[in-house]
1. Among the residues of the range 125-151, write down those that are part of a loop (DSSP other than H, G, I, E, B), hydrophobic (A, V, I, L, M, F, W, C) and surrounded by 14 or more Cβ atoms within 10 Å (Cβ to Cβ).
2. Scan the range 142-161 and report the pairs whose first residue is closer than 16 Å to residue 91 by Cβ and whose second residue is of a type in the set (Asp, Glu) and modelled with pLDDT of 85 or more, with Cβ atoms within less than 9 Å and a gap of 6+ or a chain change.
Amino acid sequence: MSVSFRLFSYLTLLLCITSGCSTDDRPEGLPDLQPLVVKVLQSGSPLAGASVRLIPNDATNPWALGGTTDDNGEAAIQTNGKYSGAPLGEYRVTVSKLQSDTPATASDDPSGAVEGKTFQLVDLAYQSQQKTPSTISVTAEDDSVKIVDVGAAVKKQLPKL
């Protein structure tokens, strides 16, 4: 590496440091985030493939928070779908999971569309921002795993559109 290239690199770095350059692409106003995993249980067993959303009790918190559970029923919460963790605060937790049953054979529809049924697998109360009985508090002192039990399994068919 040439001396002039090294000098240029050092000067660029120095300029960047003194002028406040940053590679942080976090949106303005995003608070510090606490690592958070929400573990979802249904009838005492981990619920895989469920969507988890945290709705802040503080109306001034504009951040979208959520995740999807893995095979262990654990959802690593992200803020704005990109930043790991959640801002400190109180949240209502919603959980939903859909299952689609499609028949093995296609219908008589010439377009080849396969008609199937879609079912909700979590009690509707846990899917409602207003009715969910599940709440969590995110603090800096807590451990990073919160457990939410959505009760007994359900299988309610969604109406066709």
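The values are calculated or read from the model by the stated rules, or taken from the named source; none is laboratory data. What you see is a predicted model; the values in this text were computed from it and never measured. Cβ atoms come from the backbone with ideal geometry, glycine included; neighbour counts cover every protein chain shown.
1. Step one: filter the range 125-151 for residues part of a loop (DSSP other than H, G, I, E, B), giving 128-134, 139-144, 150-151.
Restricting the remaining residues to those that are hydrophobic (A, V, I, L, M, F, W, C) gives 140, 150.
Listed by number, the list holds a single entry, 150.
2. From residues that are closer than 16 Å to residue 91 by Cβ, the pairs are 145/74; 150/123.
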